[in-house]
């Protein structure tokens with residue numbers, strides 16, 4: 001009888017040991033899977049940047065604002081003061097292809113077509129979601145276009161400028177989110193001429209010809225750099241301050 005009880009006890013201990021081992025292995029595998037499923041935050045990026053929006057989804061415009069997610073002037077001043085100042089990074093390795101765009105947003109519509117519909121008036125689309133009718137007012141130069149081919153979708157903070165100020169350390173997923181961001185004030189329909197005049201220049205190098213656009217442009221640029229943890233130069237910060245000074249509220 002005692003011998004049988006001893007065997008049962010030994011069997012129970014063995015089963016518990018195996019169970020503990022399996023539980024330990026399962027926990028370790030789960031942690032590893034969670035880690036591999038979330039891309040690490042690039043060095044120098046802010047915690048806000050680590051929560052950058054995915055390419056899909058749209059933000060809402062505050063009443064009177066031309067872009068979604070624009071901060072108030074006071075908020076933008078605080079964000080601007082907190083931005084890290086440093087010299088531009090090397091352009092070595094840069095390519096627009098490292099910022100995949102335009103991403104699909106559903107119903108055959110990509111990011112460009114989504115912004116065209118958002119910013120235009122009387123926009124009509126064909127079966128492929130291409131804008132075939134509508135008008136678009138370019139706030140940069142106060143011009144209106146009546147054909148989608150006459151306008152561009154501008155990245156408020158250009159892709160190359162982002163690269164020089166921190167995006168060179170990002171992975172492709174974060175760069176894709178940046179290039180297709182519909183939640184923050186990063187994408188705007190403008191005249192093709194003004195967009196190409198701007199290129200990848202920062203605010204100290206290029207300003208919207210229409211000074212009426214300076215307030216929202218300064219707020220938008222500052223907000224995007226703050227959201228993604230990008231740096232500025234001191235000259236850039238100085239011009240952004242002047243732009244914010246044009247805001248009336």
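The values are calculated or read from the model by the stated rules, or taken from the named source; none is laboratory data. Quick caveat: nothing in here was measured; it's all calculated off a predicted structure. FYI the Cβ positions are ideal-geometry reconstructions off the backbone, even for glycines, and counts take in every protein chain you see.
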Q) Condition test on residue 209, is it modelled with pLDDT of 95 or more, part of a loop (DSSP other than H, G, I, E, B) and surrounded by 23 or more Cβ atoms within 10 Å (Cβ to Cβ)? A) no
Q) Looking at region 187-205, is at least one residue touching a residue at least 60 places away in the same chain (Cβ under 8 Å), in the same structural domain as residue 106 (by TED's automatic domain parsing) and outside any strand (DSSP E or B)? A) no
Q) Would a scan of region 223-233 turn up a residue that is touching a strand residue (DSSP E or B) at 6+ places or on another chain (Cβ under 8 Å) and crowded, with 22+ Cβ neighbours inside 10 Å? A) yes
Q: Would you list the helices (runs of 4 or more DSSP H) that sit entirely within region 74-179 and hold 3 or more residues that are under 14 Å from the mean Cα position of the chain (by Cα), assigned by TED's automatic domain parsing to the domain that holds residue 231 and over 17 Å from residue 232 (Cβ atoms)?
A: 172-179
Q) Just to be sure, is residue 117 under 16 Å from residue 240 (Cβ atoms), surrounded by fewer than 18 Cβ atoms within 10 Å (Cβ to Cβ) and either out of contact with any helix residue (DSSP H, G or I) (no Cβ under 6 Å at 6 or more places or on another chain) or modelled with pLDDT under 95 (or both)? A) no
Q. Only one of (1) in contact with a strand residue (DSSP E or B) (Cβ under 6 Å, 6 or more places away or on another chain); (2) closer than 26 Å to residue 225 by Cβ; (3) touching a residue at least 40 places away in the same chain (Cβ under 8 Å) fails for residue 145. Which number is that?
A. (2)
